[in-house]
Each structure stands twice: as structure tokens, then as C-alpha cells.
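The values are calculated or read from the model by the stated rules, or taken from the named source; none is laboratory data. As the structure is a prediction and not an experimental result, all values here were calculated from the model. Cβ placement follows ideal geometry from the backbone for every residue including glycine, while neighbour counts extend to all protein chains displayed.
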Amino acid sequence: MQPDAKEAPYPPQRPLEWGQINFLHTTDTHGWLEGHIKEENYGADWGDFVSFVAAMKQKAEDLKVDLLLIDTGDLHDGAGLSDATDPNGQLSNPIFQNIDYDLLTIGNHELYVTEIAYEHFNQFAKVYGDRYLTSNVQILNPANGQFEYIGKQYRYFTTERGMRIMSFGFIFDFDKNSNVSKVIKADDVIKEQWFQDALNLTPVIDLFVIIGHNAARTTDKTSTMGKYFRAIREKYPYTPIQVFGGHTHQRDFVVYDNKATALESGRYCETLGWLSITGFNEYQVEPPKTVPLASRPAKRVEGADRDSSLPESDSPSSLLYSRRYLDWNRLTFAYHADGSQDTDFDTQQGKAVTAMITGVRNQLNLTKVLGCAPRTYCISCKPFGEEGSIYKVLEEAMAKVVVNEERKDKPRIIFTNTGNIRFDLVQGPFTYDDSFIVSPFENTFKYIKDVPWDEAKTVLATMNAGPYQKRSLDLSTRDFHFTPLTFVDQEECLDPPVIHDSLRKRGEPNSGLVRRSDYDPTPGYVTKDDFGEDGDDTPHVNITTYELPNDVQANASFPTDGSDPDKVDVIYVSFIEKYVIDALNKVGGKYSSKDSSLYLPESFKSNQVMPKFAELEWQANINNCPVGKGVGYDKRKA
């Protein structure tokens, strides 16, 4: 753990169930390798994970079973450790590479920026060799002018215990990549000769492992996993298929048929996925006898939805499964590392990685304190606009900070999209790192001056009644510094929107299936998937989530007598210019982008609003700033 991180208050309540083959799965880490410094449920860092992997590998060796490590992409664009460098990931990728993954694939955030795409082609892919699978992603090789696969198209290998696996790695049909890369659509991939040849490579395949930065649940509108599954199942109707997905930031487990399931393991180093399978009759490995075993057939619980487009296997299956979503903290890792005590948990490599993270944080000045947040402000755990909603304080910040000195006395309204906030802000020190985490996007502030109030006052309602606001990316930009992220932009084909099942599942009613113990459950994930409601490794109470509008409005320099102004300056982040102008024109305005200009210098971006506000307004207790418990705690019963 990092020196300023918090430990979890209680451990899991039950051991993991093992099988003949077992998997640890990470996805969408987005640079959070330091862990969540102010959130106790997710306080482990990458060094703790390195130590945990070593312990689990040793346990698998002792049990004489296989354990494979999987990652399904998106390594940066999310926290300062990865994003305070140019290009992003320059210092975080070497830290990530301390895990000796068996299979990895690429995410969309590795493809937006040319420099980053080439880094993965020239360096990252070389570290992992034939284990880095980019089955439908190519890049222009400047050495020969030809498009080549960034990694390998497939991997056929035999595990330590003799299981013969064929694996592919597929990103969804992503189309916002830099023009030096090429994403081949699923409909085309399954027709290509190399794919057919790979399926015909050998008649001896014990298990297909499909990994992808691609929604595990095939009914998700971005997912192409169903297409690959159908293509393989058509040729191999009886062979088990295991899918590992990513991109939607959800905890999820999906049953495709009685010999095929899919796991997705969350986001941001909040979740470590665990999957075990046993019942391979032709696999010469005995199920372990000294630990709990996977015990559930691939059968959906009552009420779980099924994708009717997927084929059903018509043969019986002896396979039994277990899945678990582990909270990313040291107490969880130590608990499952064969009951190790915390003092014995660390390996030398793990401690070295923790020290490396601390050094990089200091090198990048990520721990510099800009202010002291007086309470926790969340994206969706409070009704929009209430105290504790981050958008309430964002309104205050924009009114205070977004000021053109030459027009500061002019009444003004300031708009931003709600997605301009990317993550919750926990009470405590507001650091340079938090400026990347909370509001990273580099939009400029533009305005149309002297707009009649009768027109301007309708803009917010009009925009909030409209559709999600999709970003048109300028791929010529050298370094986006988060700009293309659409967890903010609310364009699901790039990233999930702010209100998404991944957050709603943190608010599902607790199933009560985990036995009671001597602890007070903390707010956190309560997940429901195709196996039911017992997948979360550590029991939590639900965090209520509330819907968000598209946009937020702040008012400043209005008449002090409470009357309406005659005219106002309409200010907005550049990303939503089209929507602001369209809204004005719906009530009789005749505006275009030619009527707008920069309200503040181009060097002042939207990601500077919250840091500047912290420096101005959050200086109380800055040298002794108390850290809160996190999101959801203030709604708990005493």
C-alpha cells in the first residue's frame, strides 16, 4: 500500500473455490496502479497485487492445478500515475509489466493517440510476446509502410498441467482510433482465412479462451463477443469456451450455454476477478481435495436474461464453475493468500513495486496538496443538485473560477456537461492526482455575449431534454490528456456513460446469502449476474444511485435584487458548443459558431476549474486535512 492509503475494515468471509483450471482477471485499470488512496475498500497498490499473484501461483502449484492471469485492456486515462506524463503511460506501463500475464489484449484507450499506439507496438507487445493478442487490431509499420498486427492474432498453448488452449483477443468494433491503426470489424474477422486456419490448426483443443476489450454480455449494444462465440461454436459444438470481457466497467458473469461462460471484472483497480472451472474429464489433472471446489453448472438463475441469438449446446456438460469479484485491498489479498498474516504477505518484488509507485508519485508531484475537500462529493450517490452531489460544488466552482476580468460584472450563465466530472471526490486532501481523477478533460471555455435572457434561460432545459452529447474527436491532437474519454462524453461506443449498470449494481439489494459476522458492512458493490447475487467476495450494503441530466448550469453576477437580467453572457465548455447553439436557435435565436469566441485564454481548460477552486476556497485545515470514509457512508444508519 501507499503510505497515505487506507486499509479495509474487514476481510472476506469465505475462501475461494478452486477448479482444475483457475483464472485471475483484471481489466480497465486506467492507471489506478497506486490504488484508491482515500477509499478503504480499494486501497491496495500494484505491489500488493504482485505479492498476491506470487502467493496464488504458489498455492496453485501446491494444489497441482493451473492458474492463468488475464488482462483485457485500457491501461491509462484515469489517474495521474499514468496521465501526468507525455505520452500517457510512459511511467505506469513499466509498473504494470511486473505482472507476468498469460494472456492480454488491447483496449480502445491504447488506440486514440498515435504515440501511445506505437508504444504498444514497439515496446509493450515485445514484453509479452505471443501472449499479447490483438486479433483484430493492426498498425501501420513505418519501417515498411504495411499494416501489421500490434500483437499476435491467436495463441495455441499447453498449460503447465497439460490443458490445450486456443485463445484470441478481440476489441469491440471501435472506430475512433488514430489513423495509424486499424480495427477490423467482427463480421469481417470471422470470414478471414487466418481465423478459419486457426480454428483448423489442430483437432485437439480442450478449451477456447476468448479475451477482449469487449462487453461480456452479448446484449450490450457495443459487444461483438456473440459473433465470435457463434463462429467458434458452429465448428466446435462440444468444446468449452471461456470469455473474459472488459470496457463496460461492470462486474458481470454471463452464461452463454452449458459449456461457455463470460466474466467481466469491473474497473479502476476496484475489482479483481476470479474464475474456476472443474469437470474436464479428459484433462489429466485431479480436482484439488484440500480446498472448496467449483460446484455450479453453467445455468442461469431464474429471472436472468438470455441472448436468444446465441446457440445452445445440445450435449450434456460435466463442467462446474465458480466466479468471484474480489475487492482490491490488502486484507482481501492476504486473506486469500492461503490465510497468510499481513506481515508475511509481501514479497521482495511486491515491496519494490510499491516503492517504485511511491517514487513515481513523488517524481510527478502527484501528492501535492491543492486544498482540503471538506466533505465527500459524489457523482450519483446523491440526488442531482443536493449537498454532497459533486455537481453542486461544480456549480460553485464555475461561478467562482470561470471569470473574464473584463466582463466580470456582466451577468453570465456557465454550462458544462455532467460528464466533465469523471469520478467521485472523497473528503480529504485534494491533490494534483485528484485533478486527473475527478475532472481531467481539456475543453476550453467559449461564449456568446449579450444574449437576451428570454432566449438564454431556456438553454439548460432544452439540452437536458435532448440526447446524450457525443464527442467528435480531433485525432490530430498529439496528446489528449483524457480528452477522448467518454465515460464523460456519454458515448457508449467509446466508454460507458456516467449512469451505467456498473454503478447501478453497486446499489442492488443485498441478497443476504453471505453469512453474518462481527463487522458492520461498508457501502460498496452489491452485484447481480447470471449466477445470482453471491458473487461479491466481500459483503457490502448498497449505495443508492440517482440519474443525472446531460448538463449543469452556474449563474454569476446576477442582479442582487433577485430580478432577471436583460442580457447575459452564455459561457460553455467547447465540447457542448453545438448543443448550446442549437438550444438557443430553438427559441428564435440565429446563432452559429461564428458568433462565439474564447471567454478565457485557450490555456485555461475545464480540468483546471476544480483545482483552482480548491486553491481559492478549500484552504482551511490544509495542513491537517481529515480524510472521510468514502462514498455512501453518510446514508448509513447509526
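Per-residue answers, yes or no, for (1) at pLDDT 95 or above; (2) farther than 28 Å from Gly266 by Cβ; (3) of a type in the set (Gly, Ala, Ser); (4) crowded, with 16+ Cβ neighbours inside 10 Å:
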residue: Pro539; (1), (2), (3), (4): yes, no, no, yes
residue: Thr560; (1), (2), (3), (4): yes, yes, no, no
residue: Ser563; (1), (2), (3), (4): yes, yes, yes, no
residue: Asp569; (1), (2), (3), (4): yes, yes, no, yes
residue: Ala583; (1), (2), (3), (4): yes, yes, yes, yes
residue: Tyr599; (1), (2), (3), (4): yes, yes, no, yes
residue: Met610; (1), (2), (3), (4): yes, no, no, yes
residue: Phe613; (1), (2), (3), (4): yes, yes, no, yes
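Pick out the one residue from Tyr546, Tyr579 that is outside any loop (DSSP other than H, G, I, E, B), aromatic (Phe, Trp, Tyr) and surrounded by 14 or more Cβ atoms within 10 Å (Cβ to Cβ). Working first, answer last.
Details: Tyr546 fails: outside any loop (DSSP other than H, G, I, E, B).
Going through Tyr546, Tyr579 in turn, just one is outside any loop (DSSP other than H, G, I, E, B), aromatic (Phe, Trp, Tyr) and surrounded by 14 or more Cβ atoms within 10 Å (Cβ to Cβ): Tyr579.
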Which residue pairs have Cβ atoms under 6 Å apart, sit 6 or more places apart or on different chains, and have a first residue in the stretch 174-196 that is outside any loop (DSSP other than H, G, I, E, B) and a second that is of a type in the set (Lys, Arg)?
Ala186/Lys227
So, in the stretch 96-125, of the ones that are crowded, with 23+ Cβ neighbours inside 10 Å and β-branched (Val, Ile, Thr), which residue ends up farthest from Glu160 (Cα to Cα)?
Val113
If I filter the stretch 313-320 for residues that are outside any strand (DSSP E or B) and in contact with an Asp or Glu (Cβ under 7 Å, 6 or more places away or on another chain), do I get at least one hit?
yes
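Given the criterion in the same structural domain as Ile232 (by TED's automatic domain parsing), closer than 16 Å to Pro240 by Cα and of a type in the set (Phe, Trp, Tyr), identify the matching residue among Phe174, Phe157. Give the steps one after another, and end with the answer.
Working: Phe174 fails: closer than 16 Å to Pro240 by Cα.
Exactly one of Phe174, Phe157 is in the same structural domain as Ile232 (by TED's automatic domain parsing), closer than 16 Å to Pro240 by Cα and of a type in the set (Phe, Trp, Tyr), namely Phe157.
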Among the residues of the stretch 271-289, is there at least one that is buried (at least 22 other Cβ atoms within 10 Å of the Cβ) and part of a loop (DSSP other than H, G, I, E, B)?
no
Would you be able to say whether some residue in the stretch 19-37 is modelled with pLDDT of 95 or more, part of a loop (DSSP other than H, G, I, E, B) and among the hydroxyl-bearing types (Ser, Thr, Tyr)?
yes
Here is a list of conditions, (1) crowded, with 16+ Cβ neighbours inside 10 Å; (2) under 23 Å from Pro311 (Cβ atoms); (3) more than 24 Å from the chain's Cα centre (by Cα); (4) in contact (Cβ under 8 Å) with a residue 40 or more places away in the chain, and Val209 meets all of them except one; can you say which number that is?
(3)
Go through (1) surrounded by fewer than 22 Cβ atoms within 10 Å (Cβ to Cβ); (2) under 23 Å from Ile21 (Cβ atoms) and name the single condition Trp194 misses.
(2)
Can you tell me how many residues in the stretch 151-173 are in contact with a Gly (Cβ under 8 Å, 6 or more places away or on another chain) and without any contact (Cβ under 8 Å) to a residue 12 or more places away in the chain?
0
So in the stretch 357-367, with the set limited to residues that are touching a residue at least 40 places away in the same chain (Cβ under 8 Å) and closer than 15 Å to Asp4 by Cα, which one is surrounded by the most Cβ atoms within 10 Å (Cβ to Cβ)?
Arg361
The stretch 382-434, subset within 25 Å of Glu602 (Cα to Cα), among the small types (Gly, Ala, Ser) and at pLDDT 95 or above, residue surrounded by the fewest Cβ atoms within 10 Å (Cβ to Cβ):
Ala399
